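Below: one structure, written as structure tokens.
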Amino acid sequence: MKQAVKTLTRPWVVVLLVLGVAAACGSEVDTAADEAAAAASASGEVPGRIVSLSPTATEMLYAIGAGEQVVAVDLYSNYPDEAPDGTLDGFVPDLEAIVATEPDLVVTQGLPEDVESGLTALGITVLNQPPAAGIDDVYAQIADLGVVTGQIDGAADSNAQIRAGIEAVLSGLPERDEPLTVFHEIDESFYTATSNTFIGQVYTAMGFENIADAHDDGTGFPLIDGETIIAADPDVIVYTSQAPYGADVIAARPGWDSISAVANGRIVEVDADISSRWGPRIVQFMEAIAESVA
């Protein structure tokens, strides 16, 4: 894991790495999360100093009302504004740097064994919350955070708001005789996301058919070519704000003017952070997609 991260040079590859591990380690880490939550509940202790090594966890912590307990975050935690400036590396974590912040609780997407054992040996609670495989995992992780941080009511309120937001989006979608098809463009090489990813599960929940599903290579993030995309004729094309180009560049690609999404002006830009994190802002992601097909 550590060596793989060191070789990455493109931001979107980090997204693939973060989201792609969910299916492989979900059950094991879910058990660890349950154990951490149960231990916190049994002890009745509320952590006064929380370190978040996950941008998603940082958003969740502030959403449930635990923001004042957060003393340090990772380099990619840039939301909300009141979060501390990120100083810690969540992908290649440094035990000494984490310990120097004097945490009671460390929330992470997963730690190397030596780092986690080093923290637990010092009596520091570690809560591993891997990338969500679906929307239900979002609710479960927020609930676990509520228990561990002593913000159970805040977590319940946050989950209720997310559920209401999602229901509002889904109820507002127009009825169709045939589902719309979607292509989620991760970058100009045409890496995409299938329904076996969290991003893909969002599209499934909204009733889309994903053109990438026919080309799933087992990673959830296959590389497909432009001719395949043209032939699939997606009704909607989604790309992220991380891309160094806009809808005009996508529309101008040779042969793409025949694609329904281009012809009908359904090329949608979504915030890169919102679309890659499985936290409370999932509703904003879904709203952006819904607006394009209203």
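The values are calculated or read from the model by the stated rules, or taken from the named source; none is laboratory data. On a predicted model such as this, the values are computed, not experimentally measured, just so you know. With ideal geometry, Cβ positions are generated from the backbone for all residues, glycine too; neighbour counts draw on all protein chains shown.
Some notes on this structure:
- Exclusive hit being among the β-branched types (Val, Ile, Thr) and over 26 Å from Asp137 (Cα atoms), set Ile289, Ile282, Ile229: Ile229
- Put simply, of Val236, Val270, Val249 the only residue that is surrounded by 15 or more Cβ atoms within 10 Å (Cβ to Cβ) and more than 18 Å from Pro179 (Cα to Cα) is Val270.
- Checked against the criterion of being of a type in the set (Lys, Arg) and modelled with pLDDT of 95 or more, the candidates Arg163, Arg176 yield just one match: Arg163.
- Subset of the stretch 186-207 [buried (at least 18 other Cβ atoms within 10 Å of the Cβ) and either touching a residue at least 60 places away in the same chain (Cβ under 8 Å) or not assigned by TED's automatic domain parsing to the domain that holds Phe221 (or both)]: Ile186, Asp187, Tyr191, Ala193, Asn196, Thr197, Phe198, Ile199, Gln201, Val202, Tyr203, Met206
- So Asp273, is it touching a residue at least 40 places away in the same chain (Cβ under 8 Å) and farther than 19 Å from Thr204 by Cα: yes
- Qualifying residue in the stretch 207-230 (condition: in a loop (DSSP other than H, G, I, E, B) and closer than 20 Å to Val293 by Cβ): yes
- Among the residues listed as Gln129, Gln151, Gln161, the single one being under 29 Å from Gly200 (Cα atoms), buried (at least 20 other Cβ atoms within 10 Å of the Cβ) and touching a residue at least 12 places away in the same chain (Cβ under 8 Å): Gln129
- Members of the stretch 273-294 found to be buried (at least 19 other Cβ atoms within 10 Å of the Cβ) and not in a helix (DSSP H, G or I), listed by number: Arg277, Trp278, Gly279, Pro280, Arg281
- For first residues located in the stretch 242-258 and in contact (Cβ under 8 Å) with a residue 24 or more places away in the chain, partners that are part of a helix (DSSP H, G or I) and lie 6+ apart or on another chain with Cβ distances below 6 Å form the pairs Gln242/Pro11; Gln242/Ala272; Gly255/Ile230; Trp256/Val262.
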